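See structure below.
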């Protein structure tokens with residue numbers, strides 16, 4: 001059996017044991033499951049580790065490592081799931097037409113995964129770049145930014161929370177996430193109307209044409225630490241800190257705890 005086919009079979013078996021495209025013991029799907037490869041053609045499968053502090057860190061690990069084939073491993077043996085997912089998601093989202101970009105933050109993780117699978121055929125991890133090979137649908141929708149059907153993100157590896165982190169190179173780490181900045185502005189406006197005008201969450205939801213649970217989740221962003229807010233406005237926040245991540249996670253009341261939870265320390 002060809003090694004590439006064997007790796008795909010092993011990755012599928014791993015995912016089946018872990019519950020499809022989800023991590024064991026988690027309800028969170030893995031955005032890039034089945035799409036990510038190292039630079040020697042090995043599938044990189046979802047995995048996780050729990051550190052002494054009790055926090056669980058997600059990774060994609062080369063099947064060559066998982067199978068004990070050390071001589072076959074590529075240059076990237078393991079990568080932070082949050083970091084690689086954030087980079088790929090941002091690159092794809094910002095390459096879409098404006099109307100589709102505006103829709104993206106509202107999608108669930110499962111919905112994003114389905115859309116990424118329609119756009120992306122294969123993602124290859126290299127030491128200095130991420131190569132995103134597009135499907136026919138992807139080449140059609142992203143023809144202006146990737147006429148060859150291949151998108152590349154220049155990267156650099158640095159030490160970070162939970163292990164080595166993959167970051168955009170040449171100042172791309174200071175790229176402002178416009179959807180996140182807009183969400184912060186909306187959250188601050190919601191907070192003002194709640195505290196200054198005495199509006200209820202139901203009233204805010206009706207005025208803004210969305211659901212009460214969505215307003216309840218969004219307004220929490222107005223209580224982020226000033227330093228975190230400033231970092232987001234400047235585009236220097238950790239790459240894994242996305243709007244989708246913030247909307248789904250608890251936000252500690254203590255500012256120091258926020259910095260730890262969101263990878264600033």
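Points worth noting:
- In percent, rounded to a whole number, the relative contact order of the stretch 42-92 is 32, using alpha-carbon pairs under 8 Å and six or more apart.
- Per-residue Cβ neighbour rank within 10 angstrom, fewest leading, 60, 223: 223, 60
- Ranking of 210, 30 by count of other Cβ atoms within 10 Å, fewest first: 210, 30
- Once C-alpha pairs closer than 8 Å and six or more residues apart are averaged by separation and normalised to the residue number of the stretch 178-261, the relative contact order reads 33 percent.
- With the simple spin-label model, which puts each label point 7 Å out from Cα in the Cβ direction, the residue 67 to residue 257 separation comes to 4.5 nm.
- The packing ranking, built from the mean of other Cβ atoms within 10 Å per residue, places the peptides 40-47, 102-109 in the order 40-47, 102-109, highest first.
- Each of 251, 84, 116 has some number of other Cβ atoms within 10 Å of its Cβ, and from fewest to most they run 251, 116, 84.
Readers should treat all values here as calculations from the given coordinates under stated rules, not as data from a laboratory. Since we're looking at a predicted model, the values are computed, not measured. Heads up, the Cβs are rebuilt from the backbone with ideal geometry, glycines too, and the neighbour counts pull from every protein chain shown.
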